Amino acid sequence: MDLGLEGKCALITGGSHGIGLATARALAAEGCHVAICSRTAERLSKARDELLSFGVDVLSLQADALEDRDIHAVMDELGARWGKLHILINNVGGGGRWGKPSVEATEIETWREVYQKNAGAAILFTQRALAPMRQQKWGRVITITSIYGKEGGGRPWFTMAKAAEVALMKSLALTRELVRAGITFNSVAPGGIDIAGTGYVEQRARDPVAFEAMVEKDYPLGRMGMPEEVAAVVTFLSSERASLINGAQIVVDGGQTFSF
């Protein structure tokens, strides 16, 4: 299937590892030029070298999503390099393990930081992406949320931030002046995805028996998801073929959630 992505330009925030890097790989394999941003220079360099092997233009930019000036710098650099942007993947986020088990013992700054790293960054990146998308009358904005933005569970600051991201995409999807300019807005909500550095590796190492029991109990497929499985959905949503999908929240969790 030709997804119509060859020659398109995409920005994947938090694109140096995990779901972000898997998505950058998948888009590059379709002939899409990719820009990735992340805080970690070493990861960015390694990811850039890998992505260049697909024969597309690759831009890697060091940026902290908690800093508005860094987000503006990324978008300014993209404008100078490409002068256009077709696809924005709001992937940067996290904070699901931040704070303490007690809500009362968790500082308000944790709530603020988790919101900014997820919803706040998605808002600003999306705002900056709209002008070039409107000018070219085509665009895809896809935000990586979480099953905890769809139904209860998880630490409340994380669930709240992810639910805000879903609301952002749905609200923009109902904004006629944007969607009639050829831009669509969707959310992808992963369940438990096996990504190094997110705590699962450490959890498995601490008590492998308990970890496997948890997986057996909570995951109908008997395994966690992989970043590439989420990236495949994101890549389709980024394509010409997904033109009627707008305002959707697509769950990629192997049946982990309980809601319909």
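Brief remarks on what is shown
- The fraction of Cα-Cα pairs per 5 angstrom bin, counted from 0 for the range 175-260, comes to 3, 12, 19, 18, 15, 11, 8, 6, 4, 2, 1 percent, rounded to whole percents.
- For the range 24-122, the spherically averaged projection of the C-alpha convex hull amounts to 7.1 nm².
- Per-q log10 I(q)/I(0), the chain, q = 0.11, 0.15 Å⁻¹ (Debye; single scatterer per alpha-carbon; no solvent): -0.57, -1.08
- The residue list L130, I195, V251 was ranked by how far each Cα lies along the charge dipole of the chain toward its positive end, using unit charges on Cβ atoms, and L130 comes out on top.
- Taken about its Cα centre, the range 75-148 carries a charge dipole of roughly 480 debye when the Cβ of each Lys and Arg holds +1 and the Cβ of each Asp and Glu holds -1.
- Longest segment of the chain lacking GluC sites (Glu not before Pro) that sit in a DSSP loop with at most 13 other Cβ atoms within 10 Å: 108-260
- Long-range amide H partners of I250 with built H, under 5 Å: S187, V188, A189
- For W82, net neighbour charge (Lys/Arg +1, Asp/Glu -1) across residues whose Cβ lies under 14 Å away: +1
- Among complete DSSP H helices in the chain, those whose alpha-carbon atoms stretch at least 24 Å along the helix's long axis and whose mean Kyte-Doolittle hydropathy reaches -1.0 are 156-173.
- Volume in Å³ per residue [convex hull over Cα atoms, computed for the range 117-260]: 118
- Most mobile listed residue (G120, G191, G152) in the chain, GNM with C-alpha springs under 10 Å: G152
- If you take all other residues with their beta carbon under 13 Å from the beta carbon of M224, and give Lys and Arg +1 and Asp and Glu -1, the sum is -4.
- Cα-based equivalent ellipsoid, the range 118-179: semi-axes from gyration tensor eigenvalues, Å: 25, 11, 8
- Counting only Cβ charges, +1 for Lys and Arg and -1 for Asp and Glu, the dipole size of the chain around its Cα centre is about 620 debye.
- Annotation: aspartates and glutamates with alpha-carbon distance below 13 angstrom to K150 (same-chain offsets under eight excluded): E165, D253.
- Pairs exceeding 20 Å between alpha-carbon atoms, taken from K8/K170; K117/K162; K8/K84: K8/K170.
- Computed on the chain, with alpha-carbon pairs under 8 angstrom and 6+ residues apart, the relative contact order is 19 percent.
Taken together, the values in this text are just the output of simple stated rules run on the coordinates, not laboratory data. The model shown is predicted, which means the values in this text are computed figures rather than measured ones. Ideal geometry is used to build each Cβ from the backbone, glycine not excepted, and the neighbour counts take in all protein chains shown.
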